[in-house]
Amino acid sequence: MSRTTDTTWRRRLNALTLELLNGLSLFATLAIVALGLGITFGLMGVINLAHGEFIMVGAYVAFVVHEAGWSHWVSVPLAAGVLFVLGAVIEVILIRRIYRKPELTILATFGLSIVLRQLAELVFSKDFQSVPNPVPGATEALGVLFPTYRYILVAVALGTVVVTLLGFTRSKFGLVVRAIVADRDLAESAGIRTGVTNVLAFGLGAASAGVAGALVAPLGAVEPNLGLSYLPSAFLVVIVGGFSRLWGVLVGALVVAVVQTTLIHYYDAVWALIASLVLAVVMLQMRRSSVAGATA
Amino acid sequence: MRLEARDLCAGYDAVPVLHGISLAVESGEIVAIVGRNGVGKTTLVKALMGVLPATGGQVLLDGVDVTRRPPSHRVRAGLRATYQERALFRELTVGDNLRLGGFAPSVHHQVLDKFPDSLSGRGTQRAGTLSGGEQKMLAAACAIVSAAPLILMDEPSEGLQPSNVDLLGRHIASAREHGSGVLLIEQHLALAERLADRFVVLEKGEVVEEGHAGDDHIHDRIAKRLVI
Ligand SMILES: Nc1ncnc2c1ncn2[C@@H]1O[C@H](COP(=O)(O)OP(=O)(O)OP(=O)(O)O)[C@@H](O)[C@H]1O
Ligand SMILES: [Mg+2]
C-alpha cells in the first residue's frame, strides 16, 4: 500500500522534472532564436522577416560542416561568422535604405526571405538533410534521463545569450544603437559613426541567428523552410519581452516557455499556440498605451 | 581651429534656404549670428554640421574640405553643436544623454551642476520629461563642459529665465577664455552684444551685414536690420 503511493509519487515527481527540463530546453532555444531579433527588431526597429532564414542558413552551415567531416562544434562559431558577414552585406545593400520605413522593411525583408529560401533550394535542393546528433545518448540526472545534447544546447545557447547581452549592456554599444534609432542626426552630432554601428549591430543580430541555426540543426531536418517555424516564436518572445531593454529577450523567452510547456502539458500544442498569440496581442496593446503615456 | 563656410548653399528638398553664405569662426572668439525668424540660421547650423547636405559651396575645418564628410567626422575633428529643437535624446535618460555626449559618470555632476536648481539627481529621468528650459540648460552645459575647440549654439537662451540667461552668458564667455570658439545664434540681442567679438546678420539666406564689437554704431546697424 505505502509502496504503491511511494512509486506513484516518484513517478509524478519524475514527470514534473522532465517537464521542467523540457521547459528549460525550450526556454534556451527560444532565447537564442529570438536574441538576434531582439537586436534587429527590438533595438534597431527593423521588422526583419528574414530572421528565420538567417537561422536556416546557420543550420545549413552545420550541415556543410558535417558533410566536410568536421566536428559539429566548429559549426557554431563558423555559422556566427558566416551570418555576421551575410548580415553586414545585407545591411549595406538593403536595410540601410529602409530604416524607419516599416512598410518597405516588411516588403524588403519578406522578399529577402524568399530569395534566401530559393538560394538554399538551388544549392542544397528541397530535400530534408540531417545533421547527426554530435552527442547521442542521454544523461541521467535528478532521477530522469534527458538527451545529453539538449543539456549542451541549453548551456551554449544561454551562454551565448548572456555574453551577448552583457556585451551590449556593459559596453556603450547597446546605448549607441538605441541613440541612432531615437535620432540619427543627433547621434551623428554626438560623434557616433552611425553607418558603421548599424552594420555591426545588424551583423551581430544575424550572427546570433547563425548560432541558433547551428544549435538546432541536429534536432530536426535541415531544409529551406526551416526558418518559417522559428520566426513567429522569435517575434513573440521579443514582443513579450519588450523593446526597451535587451534583457527582455530572456524574460520573453521564459514567459513564452512557461506558457507553452504548461499548456502543452495540460491541453495541447494548438492551445499553447493560441494562448501565445493572445499573449502577444495583449502585450502589444499594453506596450502601445505605455509608450503613448510616456511620450504624452 | 577654424571653421569656414564658402558660398555655402543648402535647403530642404527643392526649396533653397541658404544662398551662398561665407563666414568663419576660430577658436578663442565668439561670433554672433543674428537675423529674423526664418532667415535660415538653424539651416546654417545644420549645414555646417552636415546633418543637412550642402547643395553648393564648401565647409572647411582648418582648411580641409569636410563638405562631403558625415557629422560624426566633423565632431571627431573638434566641432560640436547644440540644436534649437531636439537638442537631447528625449527617449533616453539624462545619464545616458551624458554618456553619449562623451562624459564619464565621474564628470556627470560637472555638467549637471552648471546651472543652479541643479539637475543633479535627475540622471535616471527621461530627458524628454525635463522642462523646456531644463533641456536647454542641459544641452548648453554639455557643449560648454565638452570644451570642444568649436561650438555651434542655436539659440541657447531661448526659454531661459533671466538669471539663467546671465549665467549662460558667463559660461559661454568662460568657454572662450578656455580657448573654445563659439558660433552663437541668438535672438537675445543684448546677450549677443555682451558676448560677441564679431557679428554676422542674415537675411533671406544671405549675409547682409558684418561687423566687429568695437565698430562705430554697430548696435544701430544690427538693430536696424532686425526691426523692419
Ligand atoms: N524641415 C524643413 N522642411 C522644409 N522647410 C524648412 C524645414 N526647416 C526649415 N524650413 C524652412 O527654411 C527656412 C529657414 O528656417 P530656419 O529654421 O533655418 O530659420 P531660423 O532662422 O532658424 O528661424 P528661427 O529664428 O525661427 O529659429 C524657413 O522658411 C523654414 O520654413
Ligand atoms: Mg532657428
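The values are calculated or read from the model by the stated rules, or taken from the named source; none is laboratory data. All values reported here derive from a predicted model rather than from experimental measurement. Neighbour counts are summed over all protein chains in view; Cβ atoms, including those assigned to glycine, are modelled from backbone coordinates with ideal geometry. Keep in mind that these areas ignore ligands, DNA and RNA; they rest on the heavy atoms of the full protein, side chains included. Shrake-Rupley method; radii C 1.70, N 1.55, O 1.52, S 1.80 Å.
What the table shows:
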| item | result |
| --- | --- |
| When residues of segment B:84-122 are limited to those that are polar (S, T, N, Q) and in contact with a strand residue (DSSP E or B) (Cβ under 8 Å, 6 or more places away or on another chain), the one nearest to the other protein chains (Cβ to nearest Cβ) | B:Thr93 |
| Residue in segment A:81-93 that is open to solvent by less than 20 Å² (accessible area, probe 1.4 Å), under 17 Å from the mean Cα position of the chain (by Cα) and of a type in the set (A, V, I, L, M, F, W, C) present | yes |
| Boolean, B:Leu202 is at pLDDT 95 or above, over 14 Å from the mean Cα position of the chain (by Cα), open to solvent by less than 50 Å² (accessible area, probe 1.4 Å) and within 16 Å of ligand 1 (Cβ to nearest atom) | yes |
| Qualifying residue in segment B:74-81 (condition: closer than 26 Å to B:Ala192 by Cβ and within 16 Å of ligand 1 (Cβ to nearest atom)) | yes |
| Residue match in segment B:132-151 (condition: within 16 Å of ligand 2 (Cβ to nearest atom), within 14 Å of chain A (Cβ to nearest Cβ) and out of contact with any strand residue (DSSP E or B) (no Cβ under 8 Å at 6 or more places or on another chain)) | yes |
| Selection status of B:Ala81, touching a residue at least 12 places away in the same chain (Cβ under 8 Å), at the interface with chain A (Cβ under 10 Å from one of its Cβ atoms) and closer than 24 Å to B:Ser27 by Cα | yes |
| Search result, residues across segment B:40-59 that are more than 16 Å from ligand 2 (Cβ to nearest atom) and open to solvent by less than 10 Å² (accessible area, probe 1.4 Å) | B:Val59 |
| Extreme residue, nearest to the chain's Cα centre (by Cα), among residues of segment A:7-41 that are open to solvent by less than 20 Å² (accessible area, probe 1.4 Å) and closer than 18 Å to A:Ser244 by Cα | A:Ala34 |
| Pair list, Cβ < 7 Å and 6+ apart or interchain, from segment B:85-108 residues that are at negative phi to residues that are within 16 Å of ligand 1 (Cβ to nearest atom) and of a type in the set (A, V, I, L, M) | B:Ala87/B:Ala139; B:Leu88/B:Ala139; B:Phe89/A:Leu186 |
| B:Leu18 within 16 Å of ligand 2 (Cβ to nearest atom), more than 13 Å from every other protein chain (Cβ to nearest Cβ) and over 15 Å from B:Ile151 (Cα atoms) | yes |
| Strands (runs of 3 or more DSSP E) wholly inside segment B:1-69 containing at least 1 residues that are within 13 Å of ligand 1 (Cβ to nearest atom) and in contact (Cβ under 8 Å) with a residue 24 or more places away in the chain | B:2-12, B:15-26, B:30-34 |
| Residues within segment A:177-200 that are within 20 Å of B:Arg126 (Cα to Cα), β-branched (Val, Ile, Thr) and facing chain B (nearest Cβ under 9 Å), tallied | 1 |
| Matching entry among A:Arg193, A:Arg150, A:Arg184, A:Arg170 (being in contact (Cβ under 8 Å) with a residue 40 or more places away in the chain, charged (D, E, K, R), closer than 30 Å to B:Leu98 by Cβ and open to solvent by 20 Å² or more (accessible area, probe 1.4 Å)) | A:Arg184 |
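Listed here are the residues, each with its yes/no results for (1) within 14 Å of another protein chain (Cβ to nearest Cβ); (2) not aliphatic (A, V, I, L, M).
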| residue | (1), (2) |
| --- | --- |
| A:Leu122 | no, no |
| A:Ala138 | no, no |
| A:Pro147 | no, yes |
| A:Leu153 | no, no |
| A:Val156 | no, no |
| A:Gly167 | no, yes |
| A:Ser171 | yes, yes |
| A:Leu175 | yes, no |
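To keep it simple, each residue is scored yes or no on (1) of a type in the set (A, V, I, L, M, F, W, C); (2) over 28 Å from A:Ala120 (Cβ atoms).
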| position | (1), (2) |
| --- | --- |
| A:Ile239 | yes, no |
| A:Val251 | yes, yes |
| A:Val281 | yes, yes |
| A:Gln285 | no, yes |
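Residues checked against (1) of a type in the set (Gly, Ala, Ser); (2) part of a helix (DSSP H, G or I); (3) within 14 Å of chain B (Cβ to nearest Cβ):
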site	(1), (2), (3)
A:Leu204	no, yes, no
A:Ala209	yes, yes, no
A:Phe243	no, no, yes
A:Val249	no, yes, no
A:Val255	no, yes, no
A:Ile264	no, yes, no
A:Met286	no, yes, no
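For (1) within 23 Å of A:Val115 (Cα to Cα); (2) in contact with a Ser or Thr (Cβ under 9 Å, 6 or more places away or on another chain); (3) in contact (Cβ under 8 Å) with a residue 40 or more places away in the chain, each residue gets a yes or a no:
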| residue | (1), (2), (3) |
| --- | --- |
| A:Asp6 | no, no, no |
| A:Gly36 | yes, yes, yes |
| A:Ile47 | yes, yes, yes |
| A:His72 | no, no, yes |
